[in-house]
Amino acid sequence: MAKALINLKINDIPITVEEGTTILDAAKKLNIKIPTLCDHPDLSVAGNCRVCVVEVKGARYLQAACATPVAEGMEIYTNSQTVRQSRKHVIELLLSEHNADCTSCSRNSKCELQDLAAEYHIFDRVLLDILDPENLIADISSPAIKKDISKCIHCQRCVRTCEELQYVSALAVIGKGAEQHIGTFFDYPLNEVVCTNCGQCVLHCPTGALTERNYVEEVWDAINDPTKHVVVQTAPAVRVAIGEELGFAYGTRVTGKMVTALKRLGFDSVLDTDFTADLTILEEGTELLTRLKRALVDKDPEVKIPMFTSCSPGWIKFMEHLYPEMLGHLSTCKSPQQMFGAVAKTYYAQKKGINSKDMIVVSVMPCTAKKYEAQRPEMRSSGYQDVDYVLTTRELATMIKQAGIDFMSLPESDYDPLMGESSGAGVIFGATGGVMEAALRTAYEIVTGREVPFKNLEITPVRGFDGIKEATIKIEGTKPEWSFLEGVELKVAVAHELANANKLVRAIKEGKLHYHFIEIMTCPGGCLGGGGQPYPVSWEIRQMRAQGIYSEDENLPLRKSHDNPEVMQLYEEYLGQPNSHKAHELLHTHYFPRKKYLN
Amino acid sequence: MQEQNELIKILVEKHGRTRNALMPILQDIVAEKQFLEPSDIALVAEELDLSAADVYGTATFYTFLDTVPRGKNVIRVCKTISCYMSGKDEIINALEKVLNIKVGDTTVDKQFTLLTANCMGWCHKGPVMLINDDVYHSLTPEAAIEIVQQYKEKSKN
Ligand code: SF4
Ligand code: SF4
Ligand code: SF4
Ligand code: FES
Ligand code: FES
């Protein structure tokens, strides 16, 4: 049923909108900007910052535009003298308890509070500074997330993010009155609580209160150390987002320019995580088929079906904390980032004649959880820490700016050899459903000798932004060695955002849903919406990045992971077969049950 | 730990597993053992399927739900304006002396914790203090000391 239409006027301009629209959204339709801080399109309405107040004719008080629905005949003023003064006052109040030391803040020039302070000319501190000096000590216990509550404006976007998107609720509003702050369980340091390091709170925080741990200086030092051979890998989702920080429109594919920029920054070799994404598909696809065989033919009660993907480290930590009894369902494959590190410091080092101890592996990731993952003690298959430093997309953009590189005018170049080749299947890892699609392209062909029966290899049921997606693929015409799969309907599911993942896992645990294979990505939209991607974020922006990713896939000559010649070379010369002993040593891992609330 | 598990299980049976049950459960734990430990909150969170940070946030919102160790008897002296005017400072000084602790502290033998609190609605009979659930009003320093002595005696027996 169509919603009733409401007529109103904003700044004397008439407009008709659907019932239930907020004043904020109605104003947007007229291109009238109302400032906001606690409001975020991904989150529920909080209405606590009051910076969006507007005058509604006849109302006694100013109304919060983000939290007030329109009504018939409303007359709204977004720019009256009263409105402007109250907004200014709200910003002054926020700044009065704010550690507004912008020059030493990592959100400097990218901060929503700073922008408002500039816009409203808050030049004098008219209010008493009531910042509590005790709050000046930041929590840097986590290798991924820094929490500095002296920069917090209590908007609670982080709290809503962690609860509504991620079903983790590591953060909550603690205490009351002057002592109220954003904190964790018993105010324990972040690395001791249930946090997955996903960085969605960072991406949704309007200020510098939650930021990534920054490793730019360490990477510069490595580059400038003549005794080190420094290689860099770039994750699939970085290439469609980094342009946003450097002058391009949302979702622009800038792969070739990014590679040139990395070379100019001084990395000794510029390689691609997409290469190990392809490798992941061979390992994970083989693991899936082996599990299916053990379940269907050997009737082995130990084997765990469904198998969940394991490339998203936030999801892994989520499972370790919340569903430790289900860890056997996780694929044992490391994430592409960690496979890359392990292969780089062994195979690549050998081929190049470099001692692994003289190598530094840097990753550029759309992700903050990868910073944590790289430091997990078990991620040392090469005998050294396999991945030394993890930068987010944002940090790499900073380095490119620091180097004075005019990104927009750069020529394009190709990745370096040995671990730089990738297929379209590797690229689509960056979008929700991509790993599933890539795995199906390969597994189906292994089993039947034919391509997946989808036009242009596009497995559309697993594409798009529905929170949970499902598909069933009937396997027909199997090769003799896979005849046990003849006629089997392979049931798969895909979820992104941990809150959706939680729904799936719970239903599976309770025996309500049955699948063979499930892809989970921690972040909304998959890695393209990762916690390390450029600010700001919304579904429109994620959509544009997804388009970038799928067009990259479409345009690559290789579309299937098992067609990647460098991956095949790696197997021939070094690993043997997928899931071989050597492959297990380097490319697979194990998981650790963690407590739900107390570490 | 075993006892604590049982207490919480009993309370969950009694009050149920809905979000509404949270406050009564927390209150009953505090009634039993004076304060909430991390493991209490973790257990309650687990039983009610809530986040532990969330439950901790709820507890810290209420002055009476302590999350730091408290003595067997918790004394709260009202610090709000009427009691302030009628001499709460003298009461606090006297109590600090007799207990040999400062406001916020707990005695070494873990028998008493001395705290201040906001208005308890007895303004007309200030100064007022609360020991556990009992209100004592129209206090003088001598009266306050006398009352505390009685609690000391009681705990000896
Ligand atoms: S959070 Fe924003 S306003 Fe505050 S110091 Fe950082 S840049 Fe400045
Ligand atoms: S990093 Fe993710 S899990 Fe951790 S507090 Fe932030 S949103 Fe929650
Ligand atoms: S940490 Fe950031 S998102 Fe969370 S309340 Fe503070 S300012 Fe808002
Ligand atoms: S943006 Fe409307 S109250 Fe914060
Ligand atoms: S002011 Fe002390 S009880 Fe009201």
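The values are calculated or read from the model by the stated rules, or taken from the named source; none is laboratory data. Here the structure is a predicted model, which is why all the values come from computation and not from measurement. All Cβ positions, glycine included, derive from the backbone under ideal geometry; neighbour counts span all protein chains shown. With ligands, DNA and RNA removed, areas are computed over all heavy atoms of the protein, side chains included. Shrake-Rupley method; radii C 1.70, N 1.55, O 1.52, S 1.80 Å.
Each DSSP beta bridge with both residues in the protein assembly as shown is either parallel or antiparallel, and the antiparallel ones are about 50%. Counting only protein heavy atoms and a 1.4 Å probe, the protein assembly as shown has 42 square angstrom of accessible area per residue.
Leaving ligands, DNA and RNA out of it, rank A:E519, A:E451, A:E218 by accessible area with a 1.4 Å probe, largest first.
Working: A:E519 0, A:E451 95, A:E218 70 Å².
Order by accessible area, largest first: A:E451, A:E218, A:E519.
Averaged over A:186-195, how many beta carbons belonging to a partner chain fall within 10 Å of each residue's beta carbon? Mind showing how you got there, number by number?
Details: counts 12, 4, 4, 0, 0, 0, 0, 3, 3, 1.
The per-residue average across the peptide is 3.
Dipole orientation for chain A: of the candidates A:A235, A:I446, A:A118, A:A118 has the Cα lying most toward the positive pole (charges on Cβ; Lys, Arg +1; Asp, Glu -1).
Considering all different alpha carbon pairs of the range A:5-92, the Kirkwood hydrodynamic radius works out to 12.9 Å.
Orientation-averaged projection of the range A:363-512 equals 13.8 nm² [convex hull of Cα atoms, one quarter of hull surface area]. Taking the centroid of alpha carbons for each part, the range B:79-101 and the range A:452-531 are 67 Å apart. Taking only protein heavy atoms and a 1.4 Å probe, the accessible area of the range A:363-402 is 46% carbon and sulfur.
Length gained on full extension, A:H121 to A:S96: 7.5 nm, using 0.36 nm per residue less the C-alpha separation. The stretch between A:Q569 and A:I468, if pulled fully straight at 0.36 nm per residue, gains 32.7 nm over its current Cα-Cα span.
A:K509 contributes about 110 Å² of solvent-accessible surface, heavy atoms of the protein only, 1.4 Å probe.
Accessible area of B:F64 (1.4 Å probe, protein heavy atoms only, ligands and nucleic acids ignored): about 100 Å².
The A:K33 and A:A403 beta-carbon pair, evaluated with R₀ = 41 Å, returns a calculated FRET efficiency of approximately 0.75.
Ordered from largest to smallest accessible area (heavy atoms of protein chains, 1.4 Å probe), the residues A:Y323, A:Y167 come out as A:Y167, A:Y323.
Only protein heavy atoms count here; on that basis, with a 1.4 Å probe, A:H562 has an accessible area of about 40 Å².
How big is the equivalent ellipsoid of the range B:2-61 along its three axes, where each semi-axis is √(5λ) from the Cα gyration tensor, reported in whole Å from largest to smallest? Please list the in-between numbers first.
Values: eigenvalues 42, 34, 24 Å².
Equivalent ellipsoid of the range B:2-61: 14, 13, 11 Å, largest first.
Helix content alone sets the calculated 222 nm mean residue ellipticity of chain A: runs of n ≥ 4 DSSP H residues at -39500 (n - 2.57) each, divided across all residues, give -9000 deg cm²/dmol.
Given the Cα atoms of the protein assembly as shown, and with Rh set as the inverse mean 1/r over their pairs in the Kirkwood sense, what is Rg to Rh to two decimals? Please list the in-between numbers first.
On the way: Rg = 29.8 Å, Rh = 29.0 Å.
When Rh is taken as the Kirkwood radius, the ratio is 1.03.
Based on Cα contacts under 8 Å between residues 6+ apart, chain A shows a relative contact order of 16 percent.
Working with all protein chains in place, sort B:T106, A:T393, A:T290 by solvent-accessible area computed with a 1.4 Å probe, largest first. Mind showing how you got there, number by number?
Working: B:T106 45, A:T393 0, A:T290 65 Å².
Descending accessible area places them as A:T290, B:T106, A:T393.
Mind grabbing the interface size between A and B? I mean buried accessible area, both sides, 1.4 Å probe, in Å² to the nearest hundred. Could you put the intermediate results ahead of the total?
Working: alone 24200 and 8980 Å², together 31690 Å².
The contact between B and A buries close to 1500 Å².
The alpha-carbon of A:K479 sits under 24 angstrom from the alpha-carbons of these lysines, leaving out residues fewer than 8 places away in its chain: A:K293, A:K299, A:K455, A:K491, A:K560. Hey, what angle do you get for helix A:434-448 against the long axis of chain A, alpha-carbon based, 0 to 90 degrees rounded to 10? On a 0 to 90 degree scale, this one is about 20. Considering only Cα-Cα distances, which of the following residue pairs are longer than 26 Å: A:K370/A:K474; A:K228/A:K370; A:K9/A:K88; B:K97/B:K152; A:K151/B:K79; A:K57/A:K176? Pairs exceeding the cut-off: A:K370/A:K474; A:K151/B:K79; A:K57/A:K176.
Expressed as a whole percentage, what fraction of the accessible surface of the range B:1-118 belongs to carbon and sulfur atoms when a 1.4 Å probe is rolled over the protein heavy atoms? Kindly include the intermediate steps, with their values, before the conclusion.
Details: 3080 of 5870 Å².
Within the range B:1-118, the accessible surface is 52 percent carbon and sulfur.
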